[in-house]
Amino acid sequence: MAEPTKPAAGKMGPADLMNMGMSYMTARVLAAGVQLNVFSHLAAGHQTAAAVAQAANSSERGMRMLLDALAGLELLTKRGEQYQLTPASAKYLVRESPEYMGAVLEDDSLWEAWNKIVEVVRTGKPVRRVEERSKAEQFFPILIRSLHVLNREPARLAAQALGAGHTRQGWQVLDVACGSGVWGIGVAEADPAATVTFQDFPGVLEHTRTYAQRHGLEKRSAYLPGDLKKVDLGTERFDVALLGNIVHSEGEASTRDLFRRLHQALKPNGQVAIVDMIPNDQRTGPPYALIFALNMLVNTEFGDTYTLAEYRAWLTEAGFARVETADIQSHSPLIVGIKDR
């Protein structure tokens, strides 16, 4: 998910406010292109507005305007009446591409939930609770198709920062609320002797298995179905525990309890690695982390985004001897809690 931009401090003017208020239009143009399968139609050789409109069962006038807008956003190129994909749109927005990221835009469920933001702020009650099993098993198999592609490189860098395959091989890895398993897969690819236990709801793990198979990890994977709040994680069982973009949906109480359970589940010198959206300690930026906190207000009962100071305090409280950070070229640093000997 792209990080939103804002004007330089003290430079906000009427045009900036208008652009901010109308920025939803850009998102809707992209979503319309995905939902009408425009990028796949172009990939199939339909290169005029009339041809794409016919393939998409749409009006020619409407399609011409949509294609022009997509060209204006540099998602397409245009020469005369011919439209073509850019390298990025060909790679990430064509449904047949192995790197396709548009799955999360194929329906309007996220948009419809955010459309109720005023009511949610007034009441403090979410539109839905995606952390519950029934919702999670419906929502996350769609979301993880996009997130797997987005997080492949950060997952590789996180594995590198943890020392996978270098400090010692053959790690026992736990990937909590794993989704596609992208973070565990990153460690397993860096450490060819590692084994990964993927934990999530049963309906999500069905999809995790396909990603593990795609990456050749069938013989090095185990699966732990259940609710992360209740599942037995064992004692001194794992070298590394991964929390990839999960704390924000859990809330403070659940997270602090999870940290304590993970400390127990880790071997001496074990590490817990946390990837999430982290605002600064004053909660004045960066914008993405603060806006994502509202996303949790809309979609979860207790979710939020948390500062590095809060993570340090909770990890220390849980018994972790040291807390470090590492740059994984993402919106926020990797946070690593290290268990004592």
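Which residues, taken from the stretch 37-48, are crowded, with 20+ Cβ neighbours inside 10 Å, of a type in the set (A, V, I, L, M, F, W, C) and under 27 Å from the mean Cα position of the chain (by Cα)?
VAL38, PHE39, listed by residue number.
Taking the condition under 19 Å from SER97 (Cα atoms), in a helix (DSSP H, G or I) and touching a strand residue (DSSP E or B) at 6+ places or on another chain (Cβ under 6 Å), does ALA212 pass?
Yes; evaluated as a whole, the condition is true for this residue.
Output the qualifying pairs, or none if there are none: Cβ atoms under 9 angstrom, residues six or more apart or on different chains, first residue in the stretch 121-148 and over 18 Å from SER180 (Cα atoms), second residue crowded, with 16+ Cβ neighbours inside 10 Å and among the hydroxyl-bearing types (Ser, Thr, Tyr).
PRO126/THR300; ARG128/SER109; ARG128/THR300; ARG129/THR300
Exactly one of these conditions fails for VAL104: (1) touching a Lys or Arg at 6+ places or on another chain (Cβ under 9 Å); (2) farther than 28 Å from PHE139 by Cβ; (3) part of a helix (DSSP H, G or I). Give me its number.
Among (1) touching a Lys or Arg at 6+ places or on another chain (Cβ under 9 Å); (2) farther than 28 Å from PHE139 by Cβ; (3) part of a helix (DSSP H, G or I), VAL104 violates only (2).
What's the number of the only condition in (1) under 20 Å from the mean Cα position of the chain (by Cα); (2) at pLDDT below 95; (3) not hydrophobic (A, V, I, L, M, F, W, C) that ARG168 fails to meet?
Here ARG168 meets the rest and fails (1).
For THR325, are the conditions met, namely being buried (at least 22 other Cβ atoms within 10 Å of the Cβ) and under 23 Å from LEU147 (Cβ atoms)?
No; evaluated as a whole, the condition is false for this residue.
The values are calculated or read from the model by the stated rules, or taken from the named source; none is laboratory data. Since the model is a prediction, treat every value here as computed from it, not as a measurement. Reconstructed Cβ throughout: ideal geometry from the backbone, glycine too, with neighbour counts over all protein chains shown.
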